[in-house]
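K.L.:
Once you've had a glance at the structure underneath, I'll fire off some questions.
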Amino acid sequence: MKILLVEDDLDIGNGIRVALTDQAMTVVWVRRVTEAIAMLETAAHDIVCLDLGLPDGDGIALLKRLRRDQPALPVLIITARDSLADRLLGLDSGADDYLIKPFALAELLSRLRALARRSYGYREEMLEIRGLALHEPTMRVTVRGDPIELSRSEYLLLSALMKRADRVLTRRTLDEQVLQNQSGESNTLEVHISNLRRKIGNGYIRTVRGVGYVIDKTESTTRT
Amino acid sequence: MILKRIWRSMAQSSLTRRLVVAQIGLLVALWLILVGYFVYDVAFIDDWYEPRQMQERADMILAVMDGLADRPAELNNALKKIDEFQRDENRERDEPGIRVTMNAWFGKELVYRSPGEPGVVTTTQMNVLETSVQHGLRVRTFARQSMNSNARVVLVLPGDAAAAFVSLGRRGIVLLPLIVCMPLLLLPAWLSVRSALRPFRELSSDVASKGIQDLEPLRFTARYSELRPIVRSVNGLLERLRANISAERRFIADAAHELRTPLAAMRINVEALQERSRDERDRTLLNSIVHSGDRASRLVGQLLALMRSDADSAQFTSEALRLDELVQERLAEIAEMARPRGVELELELPDQPVWVRGERDALRSLVDNIVENATKYSPKGGTVTTRLTSNEGGVELTVTDAGPGISPQHRERVFGRFFRVPDQAQEGSGLGLAIVKRASERLGATVWLEDPETGRGLRVHVRFPGKDAKSPPT
């Protein structure tokens, strides 16, 4: 995975470069808008990590230009600006994700991987959590190697939960965005989840009562 | 009781009292001047008509005397009648200081004299008002001789100011009107002063209605030139205060913001190092650094949230929000933080959508801080229950934990900044509930702490304004 890091702070830039290189990613680190533009014109990248406050210009302007020239290139904003307005501006300007400093390395890695999966070239990747595997192109799901049959809704739910593992997806998100259920009948979600649990086994999908569902990457210590 | 209260309110120094007293004082002064003039008039003034009037009166008496000269008994009777008429003239009772008396003579024989003071007087001139002191009393006399006989009459008019004043006083003319009028005048005076001072009260209630956070100029527009300087100076003070506070907040917000970059740098570098390190002891140490960095980041985030919630309300836009969705989203985020602590989150939502009006950021930081706080203080394996209810009574949000709770004597103070309940092991900045308080103020919501039914832990209760919340408020 080749990443273009646009970050003017020396300590952060170096830290990210080392951390990502250690994760077997290729990092090109630039500190100015002009350098970033030059880099984007000369070489292909898989993901751009963009800081917003840069010494020779604003990251948002760069982002807009990037969207025009390379609409498919995933962009992750990393910034200290955390107000809702800033976040919305970033996402509206074409960023795919928004990460607020300071962030955990694990968080950065997971967002980068999620973006990579979404972009062409990493679609082949297999999602795997504690023996539960999901192969996206073939929609094949296996538990410890044993294939299982899922309905379309069950597959969509599992895929959403596995892609965003360790993050609780709200009932509303699952209902409206994953199942595209506009009827507001919320118990269909519970039926699908319960069917899914029966097929893949207990211990994967954890309920956060009233809030939503999550698949933890590590074994849950509390009851599911 | 009522009298006592009235007295107390009157004893308090106030502008109203001052003005009422001034009005009444003016009234008394005017009255006294009037009485003084009256006394002066009675005692000293010889009006242009008085000698003529006296002359006519004397002529009438002389005519009676001439006509009845040969019948002394009837004459005496007639003079007595005239005398009584004179004393009681104008329905005034017989008073020595103001009455008119007379002496009637035939030659050197006194045929009639008014009873009482000043008795028989001596005169030196005819047909003029002359002033003299007779029997210790200052009097004015008018003597007239009959054309047809030796009959002579002397009319005695009052001329002594002190005696006149005493007489008036005894008749109650000096004080009685005041005593009678005072209670009747006090109420209208008080009412008129009160209504005249209404702009003052409006101004004061406008100033009084200002909260600590409300530094907007006064809504009161001063139409009265007396109030304009006050309004101007209060607004000036508010303006300076606002500038000062916003400069300070900007400073803290900037400082907090600037702190984020080095914190982020520290964290990413330590984590990169942690990934490389194979030494378990090193990893533990690095873990502590990450943890400390987290704490600092959290504090910086809270400071920013607090400063932002204090910022000018003009920057914020109030909108209709689905509170149920927002709470669910926030809990989904916080659940990730709760899991490593072994704390389970639970949410109970009503079937219907719940709408509130407010700022999204304020609502977010309200929910975040309450639930994060509850999660932080929950024991391992504990449950934090968030319940949202909406009915005719309004929208209420409660968050209950099974932690150590907060004893009643600290429940007010925990909403203060940097206050932490003493003797507790849990780390924290003491800003969480202060942010909750500020956010609830922005939203017009009320927040308080109570004991859960189980008797253990703490429940944070938020009540949002508005009644029917099942549809978007307008």
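Rule-based calculations on the coordinates, nothing more; no lab input. For clarity, every value in this text was computed on a predicted model and none was experimentally measured. With ideal geometry, Cβ positions are generated from the backbone for all residues, glycine too; neighbour counts draw on all protein chains shown.
K.L.:
For B:375, A:142, what ranking results if the residue with the fewest other Cβ atoms within 10 Å of its Cβ goes first?
P.N.:
A:142, B:375
K.L.:
Okay, moving on. Compute the relative contact order of segment A:126-215 as a whole-number percentage, counting only Cα pairs closer than 8 Å that sit 6 or more residues apart in sequence.
P.N.:
In percent, rounded to a whole number, it is 28.
K.L.:
Apply the Karplus parameterisation 6.51 cos²θ - 1.76 cosθ + 1.60, with θ equal to phi minus 60°, to every residue of segment A:203-211 and state each ³J(HN,Hα) to the nearest whole Hz, in sequence, with x for glycine and proline.
P.N.:
Karplus-based 3J(HN,Hα) across segment A:203-211 equals x, 9, 8, 9, 8, 10, 4, x, 9 Hz.
K.L.:
Dividing the alpha-carbon radius of gyration of the protein assembly as shown by 2.2 N^0.38 Å (N being the number of residues), what value is obtained?
P.N.:
Taking the Cα Rg and dividing by 2.2 N^0.38 Å, one obtains 1.87.
K.L.:
Under the rule of at least 5 residues apart or a separate chain, name every residue whose amide H is placed under 5 Å from the amide H of residue B:102.
P.N.:
For residue B:102, the qualifying residues are B:114, B:156.
K.L.:
Across peptide B:266-278, how many C-beta atoms of other chains are within 10 Å of each residue C-beta, on average?
P.N.:
Working: counts 4, 7, 17, 8, 3, 9, 11, 4, 2, 7, 3, 0, 0.
The mean count of partner-chain Cβ atoms within 10 Å per residue comes to 6.
K.L.:
Pick out, from A:3, B:29, B:388, the residue whose Cα sits farthest towards the positive end of the charge dipole of the protein assembly as shown, with +1 on the Cβ of Lys and Arg and -1 on the Cβ of Asp and Glu.
P.N.:
B:29
K.L.:
Computed over the Cα atoms of chain A, what is the convex hull's projected area averaged over all directions, in nm²?
P.N.:
Directional mean of the projected Cα hull area for chain A stands at 13.7 nm².
K.L.:
So for B:105, B:7, B:190, fewest C-beta neighbours within 10 Å to most, what's the order? Please list the in-between numbers first.
P.N.:
Working: B:105 20, B:7 10, B:190 17.
The order, fewest Cβ neighbours first, is B:7, B:190, B:105.
K.L.:
Next question, about the same structure. Taking the Cβ of each residue in A:162, A:39 as the centre, tally the other Cβ atoms inside 10 Å and list the residues starting with the fewest.
P.N.:
A:39, A:162
K.L.:
Can you show me the helix-derived [θ] at 222 nm for chain A, built from DSSP H runs with n ≥ 4 at -39,500 (n - 2.57) apiece and divided by the number of residues, rounded to the nearest 500.
P.N.:
-11500 deg cm²/dmol
K.L.:
Whole-Hz ³J(HN,Hα) for each residue in segment B:437-450, computed from phi via Karplus 6.51 cos²θ - 1.76 cosθ + 1.60 with θ = phi - 60°, x for glycine and proline: what do you get?
P.N.:
Couplings: 4, 4, 4, 5, 5, 4, 8, x, 9, 10, 10, 8, 10, 8 Hz.
K.L.:
OK, next. Mind listing P(r) for segment B:228-310? All alpha-carbon pairs, 10 Å bins, whole percents.
P.N.:
Per 10 Å bin, starting at zero, the Cα-Cα P(r) for segment B:228-310 comes out as 17, 29, 20, 15, 9, 6, 3, 1 percent.
K.L.:
So for the pair residue B:295, residue B:410, with labels modelled 7 Å out along Cα→Cβ, what separation do we get in nm?
P.N.:
Those two pseudo-labels are separated by 1.7 nm.
K.L.:
Something else about it: If you restrict to DSSP beta bridges whose two residues both lie in the protein assembly as shown, what percentage is antiparallel, to the nearest 5?
P.N.:
That works out to approximately 75 percent antiparallel.
K.L.:
Cβ under 14 Å from residue B:451's Cβ, residue B:451 left aside: what net charge do those residues give with Lys, Arg +1 and Asp, Glu -1?
P.N.:
Once all neighbours under 14 Å are counted, the net charge is 0.
K.L.:
For labels at residue B:110 and residue B:284 in the simple 7 Å Cα→Cβ model, what's the distance in nm?
P.N.:
Spacing of the two 7 Å Cα→Cβ label points: 13.4 nm.
K.L.:
Do any chymotrypsin sites (Phe, Trp or Tyr not before Pro) in segment B:367-474 lie in a DSSP loop with no more than 14 other beta carbon atoms within 10 Å, and if so, which?
P.N.:
Qualifying residues, ordered by number: B:418.
K.L.:
Once both labels are modelled 7 Å past Cα along the beta-carbon direction, what's the residue B:233-residue B:209 spacing in nm?
P.N.:
2.4
K.L.:
Could you tell me the extents of segment B:389-474's C-alpha atoms along the three principal axes, largest first, rounded to whole Å?
P.N.:
Extents along the principal axes: 46, 29, 19 Å.
K.L.:
Give, as a single signed number, the net charge of other residues whose beta carbon lies under 12 Å from the beta carbon of residue A:150, with Lys and Arg counted +1 and Asp and Glu -1.
P.N.:
In short, +3.
K.L.:
Can you give the Kirkwood hydrodynamic radius for segment A:126-215, in Å, rounded to one decimal and based on Cα pairs? Please list the in-between numbers first.
P.N.:
Numbers: mean 1/r = 0.0765 Å⁻¹.
Result for segment A:126-215, one decimal place: 13.1 Å.
K.L.:
Additional query: Enter the Cα centre distance for the pair segment B:219-292 and segment B:339-406, rounded to the nearest angstrom.
P.N.:
Segment B:219-292 and segment B:339-406 have Cα centres separated by 26 Å.
K.L.:
Return the long-range amide H neighbours of residue A:217 (sequence gap of 5 or more, or a different chain), with a cut-off of under 5 Å between placed amide H atoms.
P.N.:
Placed amide hydrogens put A:166 under 5 Å from residue A:217.
K.L.:
While we're looking at this one, here's another question. Counting Lys and Arg as +1 and Asp and Glu as -1, what is the net charge of the other residues whose Cβ lies under 12 Å from the Cβ of residue B:205? Write out the running numbers ahead of the final one.
P.N.:
Values: positive: B:198, B:201, B:210, B:219; negative: B:202, B:206.
Net charge in that neighbourhood comes out at +2.
K.L.:
Go through A:137, A:177, A:196 and say which Cα lies farthest out towards the positive end of the charge dipole of segment A:126-215; charges sit on Cβ, +1 for Lys and Arg, -1 for Asp and Glu.
P.N.:
A:196
K.L.:
With charges only on Cβ, +1 for K and R and -1 for D and E, what is the dipole size of chain B about its Cα centre, in debye, rounded to 20?
P.N.:
660
K.L.:
Next question, about the same structure. Classify segment A:2-118 as rounded, prolate or oblate, taking a ≥ b ≥ c as the square roots of the eigenvalues of its Cα gyration tensor: rounded when a/c is under 1.5, otherwise prolate if a/b is larger than b/c and oblate if not.
P.N.:
rounded
K.L.:
Enter the angle in degrees (range 0 to 90, nearest 10) between the Cα long axis of helix B:72-87 and the first principal axis of the Cα atoms of chain B, meaning the one along which they spread out most.
P.N.:
20
K.L.:
With r defined as the distance between the Cβ atoms of residue B:26 and residue B:5 and R0 fixed at 41 Å, what FRET efficiency is calculated, to the nearest 0.05?
P.N.:
Calculated transfer efficiency: 0.90.
K.L.:
Also, quick follow-up: Using the alpha-carbon atoms, what tilt in degrees (0 to 90, nearest 10) does helix B:50-67 show relative to the longest principal axis of chain B?
P.N.:
Taking Cα atoms only, the helix is inclined about 40 degrees.
K.L.:
Considering every residue in A:159-172, what mean count of other chain Cβ atoms within 10 Å of its Cβ is obtained?
P.N.:
On the way: counts 0, 0, 0, 0, 0, 0, 0, 2, 4, 11, 1, 10, 5, 6.
Mean shielding by partner chains, rounded to a whole number: 3.
K.L.:
Out of residues 5 or more away from residue B:174 or on other chains, whose amide H comes under 5 Å of its own, with H placed 1.01 Å from N in the peptide plane?
P.N.:
Here B:169 satisfy the definition.
K.L.:
Taking a spot 7 Å from the Cα of residue B:162 along the direction of its beta carbon, which residues of segment B:101-132 have an amide N less than 19 Å from it?
P.N.:
B:117-119, B:131-132
K.L.:
Can you give the average number of partner chain beta-carbon atoms within 10 Å of each beta-carbon in peptide A:204-217, as a whole number?
P.N.:
That works out to 5 on average.
K.L.:
Segment B:46-159: percent of C-alpha pairs farther apart than 25 Å?
P.N.:
That tail contains 14 percent of the Cα-Cα pairs.
K.L.:
May I ask you to compute the full-extension gain from residue A:82 to residue A:109, defined as 0.36 nm times their residue separation minus their alpha-carbon distance, rounded to one decimal in nm?
P.N.:
Values: separation 27, 0.36 × 27 = 9.72 nm, distance 1.96 nm.
Gain on extension, residue A:82 to residue A:109, equals 7.8 nm.
K.L.:
Still on this structure: If you scale each eigenvalue of the Cα gyration tensor by 5 and take the root, what three semi-axes come out for segment B:316-464, rounded to whole angstrom and sorted largest first?
P.N.:
That gives 23, 18, 15 Å for the three semi-axes.
K.L.:
Using only Cα atoms and rounding to the nearest 10 degrees, what angle (0 to 90) does helix B:2-11 make with the longest principal axis of chain B?
P.N.:
90
K.L.:
Which value at 222 nm does chain B reach when only helices count, each DSSP H run of 4 or more adding -39,500 (n - 2.57), with the total divided by all residues and rounded to the nearest 500 deg cm²/dmol?
P.N.:
Taking each H run of at least 4 residues, the total per residue is -17500 deg cm²/dmol.
K.L.:
Per 20 Å bin, what is the whole-percent P(r) computed from every C-alpha pair distance within chain B?
P.N.:
Percent of pairs per bin, in order: 16, 26, 17, 11, 13, 12, 4, 0.
K.L.:
Students often check this: by mean Cβ neighbours within 10 Å, which of A:98-109, B:402-413 ranks highest, and how do the rest follow?
P.N.:
Going by the mean number of other Cβ atoms within 10 Å, highest first, we get A:98-109, B:402-413.
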